[in-house]
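Undergrad: What follows is a structure written as C-alpha cells; I'll ask about it next.
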Amino acid sequence: MPNIANRQEILTTVIRRSGEGGFFMYRIPALATSRIGNLLAVFDVRHTCWNDLPSAIDLGLMRSTDAGATWSPMQIILAFPKDDPATLGNGVGDPSILVDSHTGAIWVAALWSKGNHGGEGSGPGLSPDQTGQLLLIRSDDDGLTWSPPLNITPQVKNPAWHICFQGPGRGIQCRDGTLVFPAQYWVENHLSRSFFIYS
C-alpha cells in the first residue's frame, strides 16, 4: 500500500485561454520563482493567428504572490509597433526566463523578428534587416516593471549562422553565480544546433 504522506499531488491552473483578452492564443510558456517566492509566468501573446514569428506576437507576463492560487492581470512586457506593413507584425516571442538568486534580478530572453526574420526567414548577418535578434529584458522589482530591451545578437551570434535565439523555457544559475540560458542556432537548410549563452 502506498504511503499517503509521501504522495505528491499535481495541481493545474489555467491562467490564459485562447481568445481571452481579445487575443487569438497564448503559447510557449515559461515559469520561474522569484527570489522572494513569487511565481512569474511568461508566454507568447499571439494577436491574430497561431503562426510563429514573424507574426504579430508580444510577450505577456502574469504573477502570483500566493503560490499559484490567484494570478495578476496579464501585462505586456515586450512589444514592438505593429502598424508598419513592412514589419510583418514586428513580433517578439519564444521567451525564456531566469532568476538571479544573488541579486533578485529577473531576466527574460526573447527573439525579435523585424520583417520576415523568424526562424524560416533569417539569414547570415547580425542586423535586424538580415536575421532575428536575441533580446534581453530585466526586472529589478520582482517583475512589476521591465527595462528596455538589450540586443545581445552581436555578442552571441556567429554572423555565418542563419539565426541564433534562446531556449525557449528557463535558464539556470550556477553555484558560482553564472547565469546560463539554453540557446540554439540554425545553419543552412534549417539544421539546428544547441549551445549555451552565459554571463
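Undergrad: Given the whole protein assembly as supplied and a 1.4 Å probe, what does the accessible area of Ile172 come to in Å², nearest 10?
TA: Accessible area of Ile172: about 100 Å².
Undergrad: Another question, then. Keeping all protein chains in the complex and leaving out DNA, RNA and ligands, what accessible area do you get for Thr48 with a 1.4 Å probe, in Å² to the nearest 10?
TA: Number for this one is 100 Å².
Undergrad: Which one, Gln173, Ser139, His117, projects farthest toward the positive side of the charge dipole computed for the range 70-199 from Cβ point charges (K/R +1, D/E -1)?
TA: Gln173
Undergrad: Could you work out the relative contact order of the chain, using alpha carbon pairs under 8 angstrom and six or more residues apart, expressed as a whole percent?
TA: 15
Undergrad: With r defined as the distance between the Cβ atoms of Asp176 and Thr145 and R0 fixed at 22 Å, what FRET efficiency is calculated, to the nearest 0.05?
TA: So, using R0 = 22 Å, E works out to roughly 0.15.
Undergrad: Now a separate question. Counting Lys and Arg as +1 and Asp and Glu as -1, each charge on the Cβ, what is the dipole of the range 52-101 about the Cα centre in debye, to the nearest 20?
TA: Numbers: 2 positive and 7 negative charges, 24 e Å.
The dipole of the range 52-101 has a size of about 120 debye.
Undergrad: Quick one: pull the percent of accessible area on the chain belonging to carbon and sulfur, 1.4 Å probe, ligands and nucleic acids left out.
TA: Answer for the chain is 55 percent, counting heavy atoms of protein chains only.
Undergrad: Same structure again: Enter the accessible area per residue of the range 72-199 (Å², integer; probe 1.4 Å; all protein chains in place).
TA: About 48 Å² of surface per residue is accessible.
Undergrad: Given Cβ point charges of +1 (Lys, Arg) and -1 (Asp, Glu) and nothing else, what value in debye, to the nearest 20, does the dipole of the chain about its Cα centre take?
TA: Computed about the Cα centre, the dipole is about 340 debye.
The values are calculated or read from the model by the stated rules, or taken from the named source; none is laboratory data. Only a predicted model underlies this, so the values are computations on that prediction, with no experimental measurement involved. In this analysis, Cβ positions are derived from the backbone assuming ideal geometry, glycine residues included, and neighbour counts consider all displayed protein chains. We work out accessible area using only protein heavy atoms, side chains counted, and drop any ligands, DNA or RNA first. Shrake-Rupley method; radii C 1.70, N 1.55, O 1.52, S 1.80 Å.
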